[in-house]
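> One structure is given below, represented as structure tokens, and several questions about it will come after.
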Amino acid sequence: MDKRKTKDLLYEQVARIGKAVSSPKRLELLEILAQGEKTVDALAAEAGIDIKLASAHLKVLKEARLVEAQRDGRFIAYRLSGRTSARCGSTCARWRKNTWSS
């Protein structure tokens, strides 16, 4: 792969991640997933949003490769993918703890 193509692919991925983390609710979903794998229903309930909206947010996170999905019967369970996502979720959790404990 030539240098130009590599740079284009890198910038596209960075843009997808930027879009994914530009929403406060998506950041909250990442923080919840940093605690462990959850179904869409559980994520929606914990984030206080509708299941359809949770699914739409998870689709964006999945497209950015920040989360992975696994079907278990009629449920889909989501988890963070990779070290970057885990770090992001942990950072959100620490920020939240520090913000509300002050």
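The values are calculated or read from the model by the stated rules, or taken from the named source; none is laboratory data. Keep in mind it's a predicted model, so treat the numbers as computed, not measured. So basically every Cβ, Gly included, is an ideal-geometry build from the backbone, and we count neighbours across all protein chains shown.
> So, in the range 52-71, of the ones that are small (Gly, Ala, Ser) and assigned to a helix (DSSP H, G or I), which residue ends up surrounded by the most Cβ atoms within 10 Å (Cβ to Cβ)? Step through it out loud before you land on a result.
Step one: list which residues in the range 52-71 are small (Gly, Ala, Ser), which gives 54-56, 64, 69.
Now restrict to residues that are assigned to a helix (DSSP H, G or I): 54-56.
On the way: 54: 24, 55: 15, 56: 13.
Applying the filter and picking the extreme gives 54.
> Now, a different point. So if I check each of 4, 96, 74, 87, which one is surrounded by 12 or more Cβ atoms within 10 Å (Cβ to Cβ), of a type in the set (Lys, Arg), modelled with pLDDT under 90 and more than 12 Å from the chain's Cα centre (by Cα)?
Working: 4 fails: surrounded by 12 or more Cβ atoms within 10 Å (Cβ to Cβ); 74 fails: surrounded by 12 or more Cβ atoms within 10 Å (Cβ to Cβ); 87 fails: more than 12 Å from the chain's Cα centre (by Cα).
Among 4, 96, 74, 87, only 96 is surrounded by 12 or more Cβ atoms within 10 Å (Cβ to Cβ), of a type in the set (Lys, Arg), modelled with pLDDT under 90 and more than 12 Å from the chain's Cα centre (by Cα).
> Within the set of pairs 6+ apart or on separate chains, which have a first residue in the range 12-27 that is small (Gly, Ala, Ser), a second that is modelled with pLDDT of 85 or more and surrounded by 13 or more Cβ atoms within 10 Å (Cβ to Cβ), and C-beta atoms under 7 Å apart?
20/26; 20/60; 20/61; 20/64; 20/66; 23/57
> While we're on this one: Test residue 76 against the criterion of being assigned to a helix (DSSP H, G or I) and either under 25 Å from residue 97 (Cα atoms) or in contact with a strand residue (DSSP E or B) (Cβ under 9 Å, 6 or more places away or on another chain) (or both), and give yes or no.
Details: assigned to a helix (DSSP H, G or I): no; either under 25 Å from residue 97 (Cα atoms) or in contact with a strand residue (DSSP E or B) (Cβ under 9 Å, 6 or more places away or on another chain) (or both): yes.
No; evaluated as a whole, the condition is false for this residue.
> A follow-up question, please. On the basis of being surrounded by 15 or more Cβ atoms within 10 Å (Cβ to Cβ) and over 13 Å from the mean Cα position of the chain (by Cα), does residue 34 make the cut? Can you show your working first?
On the way: surrounded by 15 or more Cβ atoms within 10 Å (Cβ to Cβ): yes; over 13 Å from the mean Cα position of the chain (by Cα): no.
Considered against the rule, which asks whether it is surrounded by 15 or more Cβ atoms within 10 Å (Cβ to Cβ) and over 13 Å from the mean Cα position of the chain (by Cα), residue 34 comes out as no.
> Spot the failing condition for residue 40; the list is (1) over 14 Å from the mean Cα position of the chain (by Cα); (2) surrounded by 12 or more Cβ atoms within 10 Å (Cβ to Cβ), and only one is missed.
(1)
> Scan the range 12-24 and give yes if some residue there is hydroxyl-bearing (Ser, Thr, Tyr), over 12 Å from the mean Cα position of the chain (by Cα) and either within 13 Å of residue 67 (Cα to Cα) or not in a helix (DSSP H, G or I) (or both), otherwise no.
Initial filter on the range 12-24 (hydroxyl-bearing (Ser, Thr, Tyr)): 22-23.
Imposing the further condition that a residue be over 12 Å from the mean Cα position of the chain (by Cα) reduces the set to none.
Checking the range 12-24: not a single residue is hydroxyl-bearing (Ser, Thr, Tyr), over 12 Å from the mean Cα position of the chain (by Cα) and either within 13 Å of residue 67 (Cα to Cα) or not in a helix (DSSP H, G or I) (or both).
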